[in-house]
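Okay, structure first, notes after.
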There are 2 protein chains.
Amino acid sequence: MPTSHTDPVTLEVVELIGTVVARYHQEYEEAAAAHSLTGAQARVLGLLTLEPTPMRKIAEKLKCEPSNVTGIIDRLESRGLVERRPDPADRRVKLAAPTDEGRDTARRLRDSLHFAREPLGELTGLERTLLRDLLRRMLGEGPAPSAP
Amino acid sequence: MPTSHTDPVTLEVVELIGTVVARYHQEYEEAAAAHSLTGAQARVLGLLTLEPTPMRKIAEKLKCEPSNVTGIIDRLESRGLVERRPDPADRRVKLAAPTDEGRDTARRLRDSLHFAREPLGELTGLERTLLRDLLRRMLGEGPAPSAP
DNA sequence: TATTGTTATACTCTATAACTATA
DNA sequence: TATAGTTATAGAGTATAACAATA
């Protein structure tokens, strides 16, 4: 039963994943910088394009303290990419939402993220399906290897 | 020829890799914090355990400006985990090297990084070999699918 | 002249604690 | 009283520019 954590194959997979992580982050930061955004600002902006979000919830997604979100939204707002709206249901809450320009910036940024797409070009459709199923199982997102 | 960058499988793989990256980073930061180190300090300390390294080269590995390395090494040095040594071959160069305590801390930190080992426990040896070969090809590290 | 490391400066992200306005 | 958001503060990482020592 090959579940050892120190066999050569496992160690190499760990190292390869480390390489993937490093490349992913580097490209993400560069793509953000190309739009004059920091990584944190880019992440928040991307988050808000899904739906207007209370400050508190943004902090949870970012896994940081709520007080930090104030500054990040401040800077995005001062650039006209985000606005604060009142929540009709609870006057304590402020919803952060992207402006039209913010949505446009987020879209262009998303399109510029080539990583994990360029490299995947090396793999056939079958191999990508295989990779998807392996990653799914690894992440415990159900072993269901559905059809491509 | 399935090399599209927008088919459902590719998009899901991209998303899964994003999840892997997020989990990896989170656990790395937590492991570093458990040893009272920042992520950057932990990365540098790990780097130095491979070999004593000139300040300039550390900056290249971290992909940051050399001026930043001064502060990171300062903080590691003030805690007794790292020391600066002269380079006999070039008196301009300072080599950063871990102390015994630094090496010990780096080892304990490395042992505490469970990610990409725990999740891999879900996969059989054959599946891990498969995953390794897919990641290798994706990263352009040679298509050689050597035996497990 | 060019390179290595450092200093000085400014900005962003981070956590902590105290504050306000609502609930 | 409890919660949402903010402010104030301090520490760390980052880039830029200028500097001393050495090559």
| query | Are any residues in the stretch B:10-40 of a type outside the set (Gly, Ala, Ser) and more than 22 Å from residue A:28 (Cβ to Cβ), and if so, which ones? | reply | B:35, B:37
| request: Give the stretch B:61-89 a look and list any residue that's open to solvent by less than 40 Å² (accessible area, probe 1.4 Å) and either outside the structural domain of residue B:44 (by TED's automatic domain parsing) or part of a strand (DSSP E or B) (or both), or say none. | output: B:82
| task | Restricting attention to the stretch B:21-54, report how many residues are within 15 Å of DNA strand C (Cβ to nearest atom), part of a loop (DSSP other than H, G, I, E, B) and not charged (D, E, K, R). | result | 4
| remark: Going through the stretch B:80-126 in order, the residues found to be over 12 Å from residue B:48 (Cβ atoms), away from chain A (no Cβ under 13 Å) and away from DNA strand C (no atom under 16 Å from the Cβ) are B:80, B:100, B:101, B:104, B:107, B:108, B:109
| remark: The lone condition residue B:49 fails out of (1) open to solvent by 30 Å² or more (accessible area, probe 1.4 Å); (2) out of contact with any strand residue (DSSP E or B) (no Cβ under 6 Å at 6 or more places or on another chain); (3) more than 14 Å from chain A (Cβ to nearest Cβ); (4) of a type in the set (S, T, N, Q) is (2)
| Listed residues B:62, B:109, B:81; which is near DNA strand D (Cβ under 9 Å from one of its atoms) and of a type in the set (A, V, I, L, M, F, W, C)? | B:62
| Residues in the stretch B:102-112: is at least one modelled with pLDDT of 95 or more and in contact with a strand residue (DSSP E or B) (Cβ under 6 Å, 6 or more places away or on another chain)? | yes
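The values are calculated or read from the model by the stated rules, or taken from the named source; none is laboratory data. It should be emphasised that the depicted structure is a prediction, and the values quoted were computed from it without experimental measurement. Note that each Cβ is placed from the backbone with ideal geometry, even for glycine, and that neighbours are counted across all protein chains shown. In case anyone asks, the SASA skips ligands and DNA or RNA and just uses the protein heavy atoms, side chains included. Shrake-Rupley method; radii C 1.70, N 1.55, O 1.52, S 1.80 Å.
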